[in-house]
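Have a look at the structure below before the remarks.
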Amino acid sequence: MAQSTPSARPNQLFRNLNSKIASIPMIFVALVIFLGGSIWTVVYSFTNSRLLPRTNFVGFDQYERLWASSRWIISIQNLAIYGILSLIFSLVVGFVLAALMDQKIRFENVFRTIFLYPFALSFIVTGLVWQWILNPDFGIQGIVRSLGWESFDFNPIYDADIVIYGILIAGLWQGTGLVMCLMLAGLRGIDEDIWKAARVDGIPMWRTYIFIVIPMMRPVFVTTLVIIGAGIVKLYDLVVAQTSGGPGNASEVPAKYVYDYMFQAQNLGQGFAASTMMLLTVAIIIIPWAYLEFGGRKRG
Amino acid sequence: MADVSTLNTAAVGSDAVRPTLAPGPRGRKPKRVLSRRNIMLYGILGLAALYYLLPLYVMVVTSLKGMPEIRLGNIFSPPVEITFEPWVKAWAQACTGLNCDGLSRGFWNSVQIMVPSVIVSILVASVSGYSLANWRFKGSELFFSILIIGAFIPYQVMIYPIVIILREMGIYGTLTGLIIVHTIFGMPILTLLFRNYFASLPEELFKAARIDGAGFWQIYGRIMLPMSLPIFVVAMILQVTGIWNDFLFGVVFTRPDTYPMTVQLNNIVNSVQGVKEYNVNMAATLLTGAVPLIVYFVSGRLFVRGIAAGAVKG
């Protein structure tokens, strides 16, 4: 493995020593924080820790309590709705925008700058802006009503039934630019000859996209999917800013559940159990992908 | 053409070759400007652009109105009387809890957090990337794989162990602690970025330096660093926007008087006491968004390169 250092030295450990010293932070982060921290949290999720972590093991008690809690069920439902819809919409909208941008249009830079700038903003800023735009008295609902449609009802800030869709609108506004950029890079990676061949065969453009280009972009789609998926599970700041989980607990999400139980309700065991469930969700997304991506061949 | 397209050298190449091959009239066949296709194309793109621009417009417009005007009019109408008072108030007088010195406190806290965090995280990650690219040792790729997979683990899973570690070290709640946290969570993406960049540099350079007797740190300082300025800029853009926009770590790892700007903004806008001053809120929101927006508009193509490098594995 080592590309250098004379083999005269007897001790394997001291070969390439500087590189190993330089890698200490990386090894520490990988082993102690990422691996060790996750294992620690999983282990302590089986205890009844409250204010401080304690090793008083109680089996699956915390999980039973977790799944019996209506707030957790609502969190999971919200995350599922948000996750599925935001995956579908951001992939579709991102791809359509990228395909339009790929038509050798003018002002491409202007359009890209506009589509991508929300991505530079934080979720807090995003949530607060949309909280204002969707404000029932002054925002969209108020304006449509003042135009004469008195019974118009669209209040995704205070209406518990649709509050998660308000968050979805804000999340899509912030994130689709990134998907568009990734898709555009993928489209630009398609060989021009494919397009020429399709045109010679008289295949209409939309069919070329669906049956030739999209299958060819599979790796881009998979990567995008994983990135969006991992981001969805982390959904936290946006909810805190836009609705603070309200009205009631109608827009709670798992990440917020974890934070509230760990740092505010001082019920660490619940927090650990909930975060272990989050870890499990991510593992279900990541492991098949990592297996497909790195399992078959060796990384270079 | 656009920057992303420069990645696609094949297309660019064929464009350059075409005129010399084609006999007769040169260049592309001129198209009608107002074809049905173009109207559709630019119509959809224009509508989408409107949707993306709308919130920014609403923020600016609202922050320039007085409260009476906001209560009467709708949020999309331009201000009748432009006033900068909300901006002054958001910056210097808005209250969070007992402090009434405005967002400026959060701004300076964020600056104090961001500058050292960006420097430390980039230095540590660039050295790791360099060691992964040029000085592999047994197991280095394994650690790297764990690091990359770890990037997908939700922060909530690792946050409490980090709290304990920092508490044991006696730096929980301090600036040093937060810098360490940002360094930890910036590590996967930055290490990936630097590793791929260093690996793409010609190996002959590295070998020549080795033959001349340069060691690990010498090659890093004298050859790799000067050659990789662009990637350092990309990493800086990533980290500046990322750390500025952070909320979770700010809440967990700092105390109220050192809260970063995002946390303070959220506390100002979502505070339950008092009358809601929407214009001040929007001015505060714009102020918080200003730093990453400026970075974005100034850096432009490098920003795109940063997220593309981070997202699509190289």
- Within the range A:75-126, track down each residue that is touching a Ser or Thr at 6+ places or on another chain (Cβ under 6 Å) and either assigned to a loop (DSSP other than H, G, I, E, B) or under 16 Å from residue A:185 (Cβ atoms) (or both). A:90, A:94, A:122
- Task: Just give me the residues in the range A:162-212 being outside any helix (DSSP H, G or I) and among the β-branched types (Val, Ile, Thr), in sequence order.
- Result: A:162, A:190, A:203
- Message: Can you name every one of the helices (runs of 4 or more DSSP H) wholly within the range B:185-247 that holds 1 or more residues which are among the charged types (D, E, K, R) and free of Cβ contacts under 8 Å to residues at least 40 places away in the same chain?
- Response: B:203-211
- Within the range A:241-255, track down each residue that is touching a Phe, Trp or Tyr at 6+ places or on another chain (Cβ under 6 Å) and under 20 Å from residue B:253 (Cα atoms). A:255
- Any chance you could count how many residues in the range A:79-99 are surrounded by fewer than 19 Cβ atoms within 10 Å (Cβ to Cβ) and either of a type in the set (Phe, Trp, Tyr) or without any contact (Cβ under 8 Å) to a residue 40 or more places away in the chain (or both)? 6
- Query: Does residue A:116 satisfy the condition of being touching a Leu at 6+ places or on another chain (Cβ under 8 Å) and over 19 Å from residue B:304 (Cβ atoms)?
  - Reply: no
- Task: Could you pull out the residue among A:225, A:238, A:280 that is free of Cβ contacts under 8 Å to residues at least 12 places away in the same chain and more than 9 Å from chain B (Cβ to nearest Cβ)?
- Result: A:280
- Scanning the range B:180-205 for residues that are surrounded by fewer than 23 Cβ atoms within 10 Å (Cβ to Cβ) and of a type in the set (S, T, N, Q), the one nearest to the chain's Cα centre (by Cα) turns out to be B:196
- Task: Looking only at the range B:257-278, count how many residues are within 10 Å of chain A (Cβ to nearest Cβ) and at pLDDT below 90.
- Result: 6
- Task: Within the range B:53-79, work out how many residues are free of Cβ contacts under 8 Å to residues at least 12 places away in the same chain and surrounded by 19 or more Cβ atoms within 10 Å (Cβ to Cβ).
- Result: 1
- Query: Can you name every residue in the range A:131-151 that is modelled with pLDDT of 90 or more and within 7 Å of chain B (Cβ to nearest Cβ)?
  - Reply: A:132, A:133
- Task: Return yes when residue A:164 is in contact with a helix residue (DSSP H, G or I) (Cβ under 7 Å, 6 or more places away or on another chain) and under 22 Å from residue B:282 (Cα atoms) and no when it is not.
- Result: no
- Note on the structure: Quick count over the range A:20-30, residues being part of a helix (DSSP H, G or I) and either buried (at least 19 other Cβ atoms within 10 Å of the Cβ) or within 7 Å of another protein chain (Cβ to nearest Cβ) (or both), is 7
- Return a yes/no flag: does the range B:110-126 have any residue that is in a helix (DSSP H, G or I), within 9 Å of chain A (Cβ to nearest Cβ), over 20 Å from the mean Cα position of the chain (by Cα) and at pLDDT 90 or above. no
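For every residue, the table says whether it meets (1) β-branched (Val, Ile, Thr); (2) in the same structural domain as residue B:184 (by TED's automatic domain parsing); (3) over 24 Å from residue A:287 (Cα atoms).
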site: B:123; (1), (2), (3): no, yes, yes
site: B:127; (1), (2), (3): yes, yes, yes
site: B:135; (1), (2), (3): no, yes, yes
site: B:142; (1), (2), (3): no, yes, no
site: B:145; (1), (2), (3): no, yes, no
site: B:149; (1), (2), (3): yes, yes, no
site: B:155; (1), (2), (3): no, yes, no
site: B:165; (1), (2), (3): yes, yes, yes
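The values are calculated or read from the model by the stated rules, or taken from the named source; none is laboratory data. The structure displayed is predicted, hence computed values, not measured ones. All Cβ positions, glycine included, derive from the backbone under ideal geometry; neighbour counts span all protein chains shown.
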